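A.B. asks: What follows is a single structure, and I will ask about it in a moment.
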Amino acid sequence: MLTCILLLTAASFISAAKEDYMNVCIDGKHHKTEPGPEDYLHNKCSPWKDKSCCTANTSHAAHTDVSYLYNFNWDHCGIMSDLCKTHFIHDTCFYECSPNLGPWIVQVDQTWRKERIVDVPLCKEDCESWYNDCQNDFTCMDNWHIGWDWSTKINRCPQGKPCRRLGDVFPSAKDFCEKVWSNSYKFTDYERSSGRCMRLTFDNDDVTPNVKVAEYYAELKGAAHNPRLALTIILAPVFTLWTV
């Protein structure tokens, strides 16, 4: 009986801890304070309209070449191909709109945000298709978060950083996905069907697969950061032996 109580207690702690990481928005420049429905989200951002951390205006800006969001110019080394740019739009929508990034949110001290994501496990197919469709485009930087010349208020290649083929700057899909946004993503060998990695695109605009993945990692992170839960899990087998 005592063992059952301990296990039930552990389950309740896990459930409560999991909720701490679900349905939350990043404390960022354009994010809403909490997720909610939007009547309309533009194009690639539409999968999140039922529960979104972005507004309609943000979703529209995510699709422009140089938007008010961050004044970032995709065409800093010539015109980026439409195929490559589509992936970056999906990526922007994912970052701005998803309410399922809680397990990977960390605090930062930056002027434009107080939180960011780190090591979000990206599905192998999503990373590889992004890299394959962009490797013949050009860039001058291997970390697009830092090091730009912002003297014109739009990112430009700094002196001494020539434009090179993206596939040369990033020699592999893993290198690209992990470095381009300073470890926001983590390359994985998990396939989209595994339930252990996050997608950037969805079938029929259904984000349920990402919700399930976030729940899995939220549960793991909640357990790891809950001392009462850890103690309960440790004591359960001890009491099992004691009561046999």
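A.B. asks: Counting pairs of alpha carbon atoms under 8 Å apart in space and at least six apart in sequence, what relative contact order in percent does segment 43-99 give? Intermediate results must be reported in sequence, preceding the final value.
C.D. replies: Working: 47 pairs, mean separation 30.5, N = 57.
The normalised contact order for segment 43-99 reaches 54 percent.
A.B. asks: Strictly greater than 29 Å: what percent of every Cα pair in segment 66-223 meets that?
C.D. replies: Details: 2312 of 12403 pairs.
Tail of P(r) above 29 Å: 19 percent of Cα pairs.
A.B. asks: If the chain between W150 and N71 were fully stretched, how many nm would it gain, using 0.36 nm times the residue separation less the Cα-Cα distance?
C.D. replies: Numbers: separation 79, 0.36 × 79 = 28.44 nm, distance 0.95 nm.
Difference between extended and current length: 27.5 nm.
A.B. asks: In addition: Considering amide H positions built from the backbone, and no H for Pro or chain starts, which residues 5 or more places from H145, or on another chain, come under 5 Å of its amide H?
C.D. replies: S182
A.B. asks: Can you tell me the order of 188-199, 37-48, 115-126 when each peptide is scored by its average per-residue count of other Cβ atoms within 10 angstrom, highest first?
C.D. replies: Values: 188-199: 16.5, 37-48: 18.3, 115-126: 20.0.
Those peptides, ordered most packed to least, come out 115-126, 37-48, 188-199.
A.B. asks: Now, a different point. Can you tell me which aspartates and glutamates have their Cα less than 17 Å from the Cα of K161? Leave out same-chain residues fewer than eight positions away.
C.D. replies: Answer for K161, where 17 Å is the Cα cut-off: D75, D137, D142, D149, listed by chain and number.
A.B. asks: If contacts are Cα pairs under 8 angstrom and at least 6 residues apart, what is the relative contact order of segment 141-209 in percent? Spell out each step's value before the answer.
C.D. replies: Numbers: 51 pairs, mean separation 17.1, N = 69.
About 25 percent, as a whole number.
A.B. asks: Amide H to amide H, which residues 5 or more places from R164 or on other chains are under 5 Å from it, using H placed in the peptide plane?
C.D. replies: Excluding prolines and chain starts, which carry no amide H, the hits are T139, C140.
A.B. asks: Oh, and also: Tell me the relative contact order for segment 37-166 as a rounded percent, counting alpha carbon contacts under 8 Å between residues six or more apart. Could the numbers behind the result be given before it?
C.D. replies: Values: 154 pairs, mean separation 29.7, N = 130.
It rounds to 23 percent for segment 37-166.
A.B. asks: Then there's this: Where does each of 25-36, 60-71 land if you order them by average Cβ count within 10 Å, highest first?
C.D. replies: Going from most to least packed, we get 25-36, 60-71.
A.B. asks: Show me, for segment 52-68, the HN-Hα J-couplings you get by feeding each phi into the Karplus relation (A = 6.51, B = -1.76, C = 1.60, θ = phi - 60°), rounded to Hz, glycine and proline as x.
C.D. replies: Once θ is set to phi - 60°, the couplings for segment 52-68 become 10, 9, 10, 8, 4, 4, 5, 5, 5, 5, 5, 9, 8, 5, 10, 9, 5 Hz.
A.B. asks: Return the distance in nm (one decimal) between the two label points of a simple spin-label model at L220 and N136, each offset 7 Å from Cα along Cα→Cβ.
C.D. replies: 3.7 nm
A.B. asks: Looking at this model, which pairs from K29/K51; K29/K221; K49/K153; K51/K85; K32/K221; K51/K221 are more than 21 angstrom apart at the alpha-carbon?
C.D. replies: On the way: K29/K51 19 Å; K29/K221 26 Å; K49/K153 31 Å; K51/K85 25 Å; K32/K221 24 Å; K51/K221 23 Å.
Checking Cα-Cα distances, K29/K221; K49/K153; K51/K85; K32/K221; K51/K221 exceed 21 Å.
A.B. asks: Continuing with this model, one more query. Expressed in nm to one decimal, what extension gain is obtained for the pair E34 and N183 from 0.36 nm per residue of sequence separation less their Cα-Cα distance?
C.D. replies: Length gained, E34 through N183: 51.2 nm.
Read-outs: derived from the displayed coordinates by stated rules, not from any lab. All of these numbers come straight from a predicted model, not from anything done at the bench. All Cβ positions, glycine included, derive from the backbone under ideal geometry; neighbour counts span all protein chains shown.
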